[in-house]
1. Determine if region 317-324 includes at least one residue that is out of contact with any strand residue (DSSP E or B) (no Cβ under 9 Å at 6 or more places or on another chain), without any contact (Cβ under 8 Å) to a residue 24 or more places away in the chain and within 18 Å of residue 83 (Cβ to Cβ).
2. Could you list, in sequence order, the residues of region 250-272 that are in contact with a strand residue (DSSP E or B) (Cβ under 8 Å, 6 or more places away or on another chain) and either at pLDDT 95 or above or in a helix (DSSP H, G or I) (or both)?
3. Residue under question is residue 383, and the condition is that it be surrounded by 23 or more Cβ atoms within 10 Å (Cβ to Cβ) and at pLDDT below 95; does it hold?
4. Only one of (1) assigned to a loop (DSSP other than H, G, I, E, B); (2) buried (at least 17 other Cβ atoms within 10 Å of the Cβ); (3) modelled with pLDDT under 95 fails for residue 438. Which number is that?
5. So for region 290-312 (the condition being within 13 Å of the chain's Cα centre (by Cα) and farther than 30 Å from residue 56 by Cα), does at least one residue qualify?
6. Any idea which of (1) touching a helix residue (DSSP H, G or I) at 6+ places or on another chain (Cβ under 9 Å); (2) buried (at least 24 other Cβ atoms within 10 Å of the Cβ) is the one residue 278 doesn't satisfy?
7. Mind listing just one residue for me: the one in region 273-285 that is in a loop (DSSP other than H, G, I, E, B) and either touching a strand residue (DSSP E or B) at 6+ places or on another chain (Cβ under 6 Å) or touching a residue at least 60 places away in the same chain (Cβ under 8 Å) (or both) and, of those, farthest from residue 395 (Cα to Cα)?
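The values are calculated or read from the model by the stated rules, or taken from the named source; none is laboratory data. Here the structure is a predicted model, which is why all the values come from computation and not from measurement. Heads up, the Cβs are rebuilt from the backbone with ideal geometry, glycines too, and the neighbour counts pull from every protein chain shown.
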């Protein structure tokens with residue numbers, strides 16, 4: 001076991017910036033109706049190369065080195081909008097703690113960090129759900145993010161490699177940079193296997209589909225839109241066949257920012273397309289501390305995009321000292337009755353001092369860290385070198401969204417054929433009412449409860 005003294009938090013604070021001029025630039029196109037061969041021909045005639053198109057939504061992504069491409073394409077009369085794509089940083093890292101665990105099954109045979117260190121599954125009452133047979137078995141959850149390290153011991157066999165895909169040119173779905181790999185952390189929260197090693201996911205038998213739309217935390221609107229449309233499209237039509245899409249990513253935009261409006265509209269259209277196929281889109285509410293009910297010209301996407309649901313974050317203060325205040329609102333979370341649907345464990349880093357605390361693994365050996373680290377959410381990460389058993393603590397609505405995606409997978413498993421409307425209602429009505437009675441800005445309908453969600457009739 002090797003300790004890495006690296007502390008970083010995966011956050012969701014993003015400020016949009018248009019990329020510097022390049023030899024070839026990306027554009028998001030919206031057809032007036034369905035996408036047809038005539039639209040593809042128009043892209044070519046305007047001096048562009050079509051990278052992606054989607055018939056049902058009329059959305060396309062093209063590249064061109066011609067600085068007049070947008071004007072020329074618009075002049076052909078086939079598109080309602082042609083907009084230069086934007087690359088933004090969706091999730092700059094801040095603080096986390098990393099530990100590389102030896103691949104040895106502990107004695108007794110339970111996952112090393114569960115239950116004494118890994119508090120999030122307990123917070124949503126996942127153990128009772130598991131005992132009731134709710135594990136998310138076979139339900140397909142697409143993780144739209146950076147790379148997913150599918151060789152990780154806790155994710156091996158959980159990832160549908162054949163259906164996984166990358167929309168970042170030059171990189172496979174299981175490639176990223178550094179040792180954290182935000183997408184891998186998110187995937188583990190959903191479905192790390194209950195295999196006697198490391199951590200356990202909230203829906204430990206769900207199937208993960210890795211859809212890479214970011215690289216090193218950055219990505220374009222076009223890449224995210226492509227990822228949503230691919231994930232939501234049935235396998236029989238060339239898509240991933242996801243039943244749940246998790247987007248632990250987000251960006252803050254001024255509604256008046258030049259060029260942002262059409263891109264936000266295209267993102268809305270892609271989320272609503274998923275809705276038409278009965279696919280639940282779950283997004284992080286964001287870590288900016290914003291009141292989204294009174295944000296003026298500011299919008300946070302994709303949390304406020306289309307018909308998806310948004311998740312705020314909670315986290316304990318002083319878990320290492322025995323605190324069980326898991327539903328405490330996290331210090332950084334965005335909020336707003338108009339935006340937040342439910343709350344879930346995202347962790348926090350607000351504990352004010354830096355003394356060390358030690359908590360036991362399942363085998364009795366101790367893990368020692370600054371006490372505040374244990375208030376964050378522990379999950380799988382890439383690690384360094386050839387390591388295949390590395391874990392990290394992180395905090396953010398990035399960590400809260402996959403908890404809800406996992407609960408959705410449990411509900412679908414126990415209720416095959418459930419409609420999207422019924423699924424959303426089940427998540428909301430089974431949540432524990434926290435804060436003010438009824439809907440409120442921080443919890444929405446409440447704090448998600450896995451056991452109640454998957455056993456309610």
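1. no
2. If we filter region 250-272 for residues that are in contact with a strand residue (DSSP E or B) (Cβ under 8 Å, 6 or more places away or on another chain), which is where we start, we get 250-255, 257, 259-260, 262-267, 269-271.
Residues satisfying the conditions are 260, 262, 263, 264, 265, 266, 267, 269, 270, 271.
3. Numbers: surrounded by 23 or more Cβ atoms within 10 Å (Cβ to Cβ): yes; at pLDDT below 95: yes.
Yes, satisfied.
4. It is condition (2) that residue 438 fails.
5. Here is the first cut: in region 290-312, the ones within 13 Å of the chain's Cα centre (by Cα) are 301-303, 308-312.
Filter again for farther than 30 Å from residue 56 by Cα, leaving 312.
Yes, region 290-312 contains a residue that is within 13 Å of the chain's Cα centre (by Cα) and farther than 30 Å from residue 56 by Cα.
6. Tallying (1) touching a helix residue (DSSP H, G or I) at 6+ places or on another chain (Cβ under 9 Å); (2) buried (at least 24 other Cβ atoms within 10 Å of the Cβ), residue 278 fails exactly one: (2).
7. Pass one, region 273-285, residues in a loop (DSSP other than H, G, I, E, B): 277-279, 285.
Next, from what is left, pick out any that are either touching a strand residue (DSSP E or B) at 6+ places or on another chain (Cβ under 6 Å) or touching a residue at least 60 places away in the same chain (Cβ under 8 Å) (or both): 278-279, 285.
Numbers: 278: 30, 279: 26, 285: 13 Å.
It comes out as 278.
A quick yes/no check of all residues on (1) under 15 Å from the mean Cα position of the chain (by Cα); (2) surrounded by fewer than 22 Cβ atoms within 10 Å (Cβ to Cβ); (3) not assigned by TED's automatic domain parsing to the domain that holds residue 306:
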{"site": "194", "(1), (2), (3)": "no, yes, no"}
{"site": "197", "(1), (2), (3)": "no, no, no"}
{"site": "202", "(1), (2), (3)": "yes, no, no"}
{"site": "211", "(1), (2), (3)": "yes, no, no"}
{"site": "245", "(1), (2), (3)": "yes, no, no"}
{"site": "248", "(1), (2), (3)": "yes, no, no"}
{"site": "251", "(1), (2), (3)": "yes, no, no"}
{"site": "254", "(1), (2), (3)": "no, yes, no"}
{"site": "261", "(1), (2), (3)": "no, yes, no"}
